[in-house]
Amino acid sequence: MKITDIQPSEYAPYQEAYIKLVSDEWSLTEEMEVSLHNFIHFVREIPMDKYDYRYAEGKWTIKDIIQHLIDCERIFAYRALRIGRGDSTPLPGFEENDYALSAQADRRSLQDLLNEFSMVRHANILMFKSFTKDDLMRTGSASGYTISVRAFGFLIIGHQLHHINVFKERYL
């Protein structure tokens, strides 16, 4: 299953920007693996003095964004799990800024953040591999929009790619 299989009816309109960033070269779980390794390599190449840098007052640091990616991946995966297992309960949205304020990524080492990111991603790769084709096609409601299980997987990747672009444009 590749990104080209996804239909616009499987995700919210505002998520299209993330979906468009995902390459059609790999399957979902292959891309989850490739993007994990690419992300870790990319972050390790960033100069050390940039990890706590804010390009403007009140903006997140690179470490804050890595924590944000971890938190969002967990939330997207949780939503995929619930829908994939047949739970039809509408899932509420979340306020990313509240998460960022309480996460205190600045108190953590870069290595600790990257280790957690890697562990979360590996767990999610296994989860997405466990889904059948029918599971991946299931849809549910999250943040008021209809979304498929497979779209959550591709959103995890696209969201990460979006933030790599933000790093390049505003931090490096």
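What residue, among those in region 77-99 that are of a type outside the set (Phe, Trp, Tyr), assigned to a helix (DSSP H, G or I) and in contact (Cβ under 8 Å) with a residue 24 or more places away in the chain, is most open to solvent (accessible area, probe 1.4 Å)?
First, the residues of region 77-99 that are of a type outside the set (Phe, Trp, Tyr): 77, 79-93, 95-98.
Then drop every residue that is not assigned to a helix (DSSP H, G or I), which leaves 77, 79-84, 96-98.
Now drop any that are not in contact (Cβ under 8 Å) with a residue 24 or more places away in the chain, which leaves 77, 79-84, 96.
Details: ALA77: 6, ARG79: 15, ALA80: 0, LEU81: 64, ARG82: 53, ILE83: 5, GLY84: 2, GLU96: 81 Å².
Restricting to residues being of a type outside the set (Phe, Trp, Tyr), assigned to a helix (DSSP H, G or I) and in contact (Cβ under 8 Å) with a residue 24 or more places away in the chain, the top hit is GLU96.
Within region 106-120, is even one residue in contact with a helix residue (DSSP H, G or I) (Cβ under 6 Å, 6 or more places away or on another chain), assigned to a helix (DSSP H, G or I) and under 22 Å from MET1 (Cα atoms)? Yes, region 106-120 contains at least one residue that is in contact with a helix residue (DSSP H, G or I) (Cβ under 6 Å, 6 or more places away or on another chain), assigned to a helix (DSSP H, G or I) and under 22 Å from MET1 (Cα atoms). The C-beta contact set for region 102-119 (first residue at pLDDT 95 or above and aromatic (Phe, Trp, Tyr), second residue open to solvent by 70 Å² or more (accessible area, probe 1.4 Å) and assigned to a helix (DSSP H, G or I), distance under 9 angstrom, 6+ apart or interchain) is empty.
Among the residues of region 141-172, which ones are of a type in the set (Val, Ile, Thr) and either over 16 Å from the mean Cα position of the chain (by Cα) or surrounded by fewer than 22 Cβ atoms within 10 Å (Cβ to Cβ) (or both)?
Taking region 141-172 and keeping what is of a type in the set (Val, Ile, Thr), we get 146-147, 149, 156-157, 164, 166.
THR146, ILE164, VAL166, listed by residue number.
Residue count for region 21-64, restricted to those that are over 23 Å from ASP5 (Cα atoms) and hydroxyl-bearing (Ser, Thr, Tyr): 4. In contact with a strand residue (DSSP E or B) (Cβ under 8 Å, 6 or more places away or on another chain) and more than 18 Å from ARG108 (Cβ to Cβ): is that true of TYR11 in this structure? Spelling it out, TYR11 is indeed in contact with a strand residue (DSSP E or B) (Cβ under 8 Å, 6 or more places away or on another chain) and more than 18 Å from ARG108 (Cβ to Cβ). Scanning region 88-96 for residues that are of a type in the set (Ser, Thr, Tyr) and closer than 18 Å to PHE167 by Cβ turns up nothing. Taking residues in region 138-149 that are touching a residue at least 40 places away in the same chain (Cβ under 8 Å) and over 11 Å from PHE76 (Cα atoms), and partners anywhere that are surrounded by fewer than 20 Cβ atoms within 10 Å (Cβ to Cβ) and of a type in the set (A, V, I, L, M, F, W, C), the pairs with Cβ atoms closer than 6 Å and at least 6 places apart or on different chains are TYR145/ALA12. Candidates are the residues of region 22-51 that are of a type outside the set (Phe, Trp, Tyr) and crowded, with 19+ Cβ neighbours inside 10 Å; the one that is nearest to HIS159 (Cα to Cα) is VAL22. Of the residues making up region 1-60, those that are of a type in the set (Asp, Glu), under 18 Å from the mean Cα position of the chain (by Cα) and in a helix (DSSP H, G or I) are GLU10, GLU16, GLU30, GLU31, GLU33. Among the listed residues ARG74, ARG54, which satisfies the condition of being closer than 15 Å to HIS163 by Cα, open to solvent by 90 Å² or more (accessible area, probe 1.4 Å) and either in contact with a Cys (Cβ under 7 Å, 6 or more places away or on another chain) or not hydrophobic (A, V, I, L, M, F, W, C) (or both)? So the residue among ARG74, ARG54 that is closer than 15 Å to HIS163 by Cα, open to solvent by 90 Å² or more (accessible area, probe 1.4 Å) and either in contact with a Cys (Cβ under 7 Å, 6 or more places away or on another chain) or not hydrophobic (A, V, I, L, M, F, W, C) (or both) is ARG54.
The values are calculated or read from the model by the stated rules, or taken from the named source; none is laboratory data. Quick caveat: nothing in here was measured; it's all calculated off a predicted structure. Methodologically, a virtual Cβ is constructed for each residue, glycine included, from the backbone with ideal geometry; neighbour enumeration extends over all protein chains shown. Ligands, DNA and RNA are excluded from the accessible area calculation, which covers all protein heavy atoms including side chains. Shrake-Rupley method; radii C 1.70, N 1.55, O 1.52, S 1.80 Å.
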